[in-house]
Every structure is written in C-alpha cells, then in structure tokens.
1. Residues to consider are Glu101, Glu128; find the one that is acidic (Asp, Glu), farther than 28 Å from Val45 by Cα and within 21 Å of the chain's Cα centre (by Cα).
2. When you look at Ile55, is it in contact with a Lys or Arg (Cβ under 8 Å, 6 or more places away or on another chain), modelled with pLDDT of 60 or more and closer than 29 Å to Val104 by Cβ, yes or no?
3. Looking for something of a type in the set (Val, Ile, Thr), open to solvent by 30 Å² or more (accessible area, probe 1.4 Å), modelled with pLDDT under 90 and not in a strand (DSSP E or B) - is there at least one such residue anywhere in segment 153-173?
4. Taking the conditions exactly as written (open to solvent by 20 Å² or more (accessible area, probe 1.4 Å), in the same structural domain as Ile79 (by the TED database) and more than 26 Å from Gly108 (Cα to Cα)), does Asn126 satisfy them or not?
5. For segment 135-152, how many residues meet the condition of being among the hydrophobic types (A, V, I, L, M, F, W, C) and either assigned to a loop (DSSP other than H, G, I, E, B) or open to solvent by 50 Å² or more (accessible area, probe 1.4 Å) (or both)?
6. Among the residues in segment 97-120, are any in contact with a helix residue (DSSP H, G or I) (Cβ under 6 Å, 6 or more places away or on another chain) and closer than 18 Å to Ile177 by Cα?
7. Being of a type in the set (Val, Ile, Thr), part of a strand (DSSP E or B) and open to solvent by less than 40 Å² (accessible area, probe 1.4 Å), is that true of even one residue in segment 41-58?
8. Please find, among Tyr71, Tyr142, Tyr149, the residue that is in the same structural domain as Ile171 (by the TED database) and out of contact with any strand residue (DSSP E or B) (no Cβ under 8 Å at 6 or more places or on another chain).
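The values are calculated or read from the model by the stated rules, or taken from the named source; none is laboratory data. These figures come from a predicted structure and were not determined experimentally. Glycine gets a Cβ as well: all are built from the backbone with ideal geometry, and neighbour counts include every protein chain shown. Keep in mind that these areas ignore ligands, DNA and RNA; they rest on the heavy atoms of the full protein, side chains included. Shrake-Rupley method; radii C 1.70, N 1.55, O 1.52, S 1.80 Å.
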Amino acid sequence: MKKLIFLILIISIIFAHFDGQERKYSNNRDVLQSSNLLESFSKKVKYTPNEPVEIVTDTILSTGFEVKLKYHSLENNFISNFTTDEDLSAKETHYKDFEAELRVLIHGELITEGLINKRLFKGYANVEFWKQAIMQHVWIDYQNSTDQYVQLNTSFRVLETETYKDFSILINSLGSIEIKEINLLSNTI
C-alpha cells in the first residue's frame, strides 16, 4: 500500500511539473512557433475575385454579325502571389484566371465557336509570360468591325506589374480567325 501511495505521489509530481507553467509568460506567437503551428495560424489566404464572375455579351451588329461572349472566372485555375506583412505573417493571394466562350453567327447561322483563353495566344509570348498573365478583358471593337469581319480585342497582364499584351481577333464572314498583337511595344519579362 505504501508503494502505491508513493507511486501516485511520484506521478502527481511529474504531472505537476508539466502543467504548462513554462508557457505562462510566453506570448501566443512564441507558443505557436514552438508547436510548429505559427505558419498555419498566421497565413492569410485571399482569392481575387472572391466570388465567381460572369459577364455575358450578346450583340447583333448592323452588318449581320451576332457575337455571343460569356466571359467568366475560372474557379480552379489561379496564379498565386506570396508576400509577408510587417508582423511577419504570410499572405497568399490567388488571382483567378479568366476565359471567354465565343459564338459568332452571321444572319442567324453559326460560323465559329470556341474558347478565348491563354492557350489561344501561346505563340505570341514566352512561356514565363503566360504562367504569370491573367486575361483582363474581352470586348467587341465596334469601330474596327466591318461588313467583312468582326473584331474583338483582349488584354493579358502580369499582375502587380506593368507587363501586358493586347490582341485583336478578327473573325471573317466564313468563320476564319486571325489574331494580331496590338501593342508591339509591350513590356517583356
């Protein structure tokens, strides 16, 4: 019986020694850092845009061309940017990429359809540009569209830089597509 009481006394002394008193005067940052949890608690993750985006354009031109664009964010395709704040917490921003579904009709008859995204333009810039660039806009260029073709414009930009590329997409009445780079003086990576 004495051995049992002595064993219980030894166990209670051991547990009393490990009661967390050494953390009493530590700040939360030190405690999390010693537990290897600091990064997971201090990392801030942000998505831009934070909600799905969809812009639908359905335009009939006086020339008989009808352009249907559905420009939308890609929820599972984004470019990540990592920064550190003044308080040494990590900030991770995921910029969602965009693409546009295109349908072009002339006098009610479908002449072409497809996707406007980075893959369509991959021959116009180096691989590094396309890894970091995001589609900014797709729009119908009413002033440069004619009876023979409709012109769309699009822009790609490397976020948080002044590096960008602009393109025109010419679609003729037979549905053939021609792509031209507009901004020949764009910055390069």
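1. Result of the check over Glu101, Glu128: Glu101.
2. Spelling it out, Ile55 is indeed in contact with a Lys or Arg (Cβ under 8 Å, 6 or more places away or on another chain), modelled with pLDDT of 60 or more and closer than 29 Å to Val104 by Cβ.
3. Yes, segment 153-173 contains at least one residue that is of a type in the set (Val, Ile, Thr), open to solvent by 30 Å² or more (accessible area, probe 1.4 Å), modelled with pLDDT under 90 and not in a strand (DSSP E or B).
4. So Asn126 passes the test.
5. Going through segment 135-152 one residue at a time, the tally reaches 1.
6. Yes: one or more hits.
7. No, segment 41-58 has no match at all.
8. On the way: Tyr71 fails: out of contact with any strand residue (DSSP E or B) (no Cβ under 8 Å at 6 or more places or on another chain); Tyr149 fails: out of contact with any strand residue (DSSP E or B) (no Cβ under 8 Å at 6 or more places or on another chain).
Result: Tyr142 is the single residue among Tyr71, Tyr142, Tyr149 that is in the same structural domain as Ile171 (by the TED database) and out of contact with any strand residue (DSSP E or B) (no Cβ under 8 Å at 6 or more places or on another chain).
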